[in-house]
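Visitor: What follows is a single structure, and I will ask about it in a moment.
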Amino acid sequence: MSDKKVINTDTKNVELIEKINSLEDRLARSLADYSNLEKRIESQRQLFITLATTSILSQMVEVLDNFYLAQNHLKDQGLQMAIDKFNSVLKTEGLEEINPSDLEFDPQTMECIGTVEGKENFVVEVKKLGYKLNGHVIRPSQVLVGQNPPN
């Protein structure tokens, strides 16, 4: 009878060990799933913040364009101070100008809105500055590109 008791105890121990291993495996998988969920939520949060920032800064760039137009017309020192401060705030948010004056045309950062006589494939005139946000172009510079005159 004692043999039977030992066998039952051993069988129960094996079953308990298998159950513990199964639960540990489920726990490890659950923790990994939770960790992946946290990473995915953080990634989505960062994407949302970037999209919201890009949208707002894109609209602010349009306002800045109007300030530049007004400054070109008025030549007012107070307005220039406001423009400089506005630019400073935009830069702290990660916005940087794309000013391609006298550079070779780059379709990644520039939009050619016309050609004029000048050095072949180089920017002759910048009509509107472009902008990058954290290294990504949110608006390409609008430029006139040089084209050699026909012979």
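Visitor: If I ask for residues that are under 22 Å from the mean Cα position of the chain (by Cα) and surrounded by fewer than 16 Cβ atoms within 10 Å (Cβ to Cβ), which ones from the stretch 129-151 would you list?
Guide: Result: ASN134, GLY135, HIS136, VAL137.
Visitor: Given ILE20, ILE7, ILE49, which one is at pLDDT 95 or above and β-branched (Val, Ile, Thr)?
Guide: The match here is ILE20.
Visitor: Against the definition (without any contact (Cβ under 8 Å) to a residue 60 or more places away in the chain, of a type in the set (A, V, I, L, M), in contact with an Asp or Glu (Cβ under 7 Å, 6 or more places away or on another chain) and surrounded by 14 or more Cβ atoms within 10 Å (Cβ to Cβ)), how does VAL123 come out, yes or no?
Guide: The answer is yes for VAL123.
Visitor: I'd like to know if the stretch 25-33 contains one or more residues that are surrounded by 10 or more Cβ atoms within 10 Å (Cβ to Cβ), charged (D, E, K, R), within 25 Å of ILE98 (Cα to Cα) and modelled with pLDDT of 95 or more.
Guide: No: zero hits.
Visitor: Please report, ordered by residue number, the strands (runs of 3 or more DSSP E) entirely within the stretch 75-151 with at least 1 residues that are under 23 Å from SER55 (Cβ atoms) and touching a Pro at 6+ places or on another chain (Cβ under 8 Å).
Guide: Per the criteria, 95-98, 110-117, 130-133, 141-147.
Visitor: While we're looking at this one, here's another question. Kindly indicate whether SER35 is without any contact (Cβ under 8 Å) to a residue 24 or more places away in the chain and among the polar types (S, T, N, Q).
Guide: So SER35 passes the test.
The values are calculated or read from the model by the stated rules, or taken from the named source; none is laboratory data. Since this is a predicted model, take the numbers as computed values, not measurements. Note that each Cβ is placed from the backbone with ideal geometry, even for glycine, and that neighbours are counted across all protein chains shown.
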